[in-house]
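Everything on this sheet refers to the single structure shown next.
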Amino acid sequence: MKVYEQLLKNNEEWAKKRVSDDPEFFSRLAHLQTPQFLWIGCSDSRVPADMITGTQPGEIFVHRNIANMVVYTDVNLLSVLEYAVNQLKVQHIIVCGHYGCGGVKAAMTKHSLGIINKWLRNIKDVYRFHREELDAIADEEARADRLTELNVREQVMNLAKTSIIQKAWKYENKPHLHGWVYGLKDGIIHPVFEMTSRTHIDPLYEYDDL
Ligand code: ZN
């Protein structure tokens, strides 16, 4: 059997198991998704959003990219965000990074990685904002871990700077924003930052005519 055929076989078994456990499982989901959560995570194959949070199909709306970034010019992210907030009306948005993130580590080096440079430059900016604290950490792994936490915090703040979030906060008093970091070594998620609805950010970024 070819490796990809194994995936199809697994899928068949999975679908059968779902139906035997709950005959209405697919017919219920086929008509409606009402997830309460938007997950913005890293593309890393070791951090599957649903598996590590014990959520089922229909419970979590997912966007993943290298190093769980919220970049203003990323139409993909913005479309997911707009849809999740305005159509699905999610209650919570979780930005989840992970210790040992290759994207974060790469951003700390001087290696040129082609088009990925443009993406990683956003993480280099986070390093620059916190250079004093980060440069003081001698151990390279510990420094990368701290940058991972700071990056998650920065991406949550980037969400709060968007008119999409500010509008939802103003008119619907949601969603609640969370910054989490997942540990590859122990499978545990650590909450490192949060912003409840209507948290004030630097006034420079606040729109008053939404
Ligand atoms: Zn990663």
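General remarks:
- For Lys118, the aspartates and glutamates whose Cα comes closer than 15 Å to its Cα, not counting residues fewer than 8 places off in the same chain, are Asp74.
- Rounded, prolate or oblate (a/c below 1.5 giving rounded, otherwise prolate when a/b exceeds b/c) for the stretch 81-130 by Cα gyration tensor: prolate
- Accessible surface comparison of Ile94, Ile201, Ile66, probe 1.4 Å, protein chains only, largest first: the order is Ile66, Ile201, Ile94.
- Debye intensity ratio in log₁₀ form over the Cα atoms of the stretch 46-116, taken at each q of 0.19, 0.21 Å⁻¹: -0.92, -1.06
- Rounded, prolate or oblate (a/c below 1.5 giving rounded, otherwise prolate when a/b exceeds b/c) for the chain by Cα gyration tensor: oblate
- Protection-proxy order for peptides 149-160, 188-199, 9-20, each taking the mean of Cβ atoms within 10 Å per residue, highest first: 149-160, 188-199, 9-20
- Note on the stretch 15-149: with charges restricted to the Cβ of Lys and Arg (+1) and Asp and Glu (-1), its dipole about the Cα centre is near 400 debye.
- Put a dot 7 Å past the Cα of Ser112, heading toward its Cβ, do the same for Leu210, and the two dots end up 4.1 nm apart.
- A probe of 1.4 angstrom, applied to the heavy atoms of all protein chains, finds Arg64 with accessible area near 80 square angstrom.
- Low-density loop positions, chymotrypsin sites (Phe, Trp or Tyr not before Pro), the stretch 70-146 - DSSP coil, at most 14 other Cβ in 10 Å: Tyr72
- Solvent-accessible area per residue, Å², over the chain with all protein chains present [probe radius 1.4 Å]: 59 Å²
- Distance between the stretch 119-185 and the stretch 28-92 - C-alpha centres, whole angstrom: 17 Å
- Above-threshold pairs, the threshold being 30 Å between Cα atoms, out of Lys89/Lys161; Lys110/Lys167; Lys124/Lys161: Lys110/Lys167
The values are calculated or read from the model by the stated rules, or taken from the named source; none is laboratory data. Because the structure is predicted, anything quoted here is derived from the model rather than measured. Reconstructed Cβ throughout: ideal geometry from the backbone, glycine too, with neighbour counts over all protein chains shown. Just so you know, the surface numbers come from the protein's heavy atoms only, side chains and all, with ligands and any DNA or RNA stripped out. Shrake-Rupley method; radii C 1.70, N 1.55, O 1.52, S 1.80 Å.
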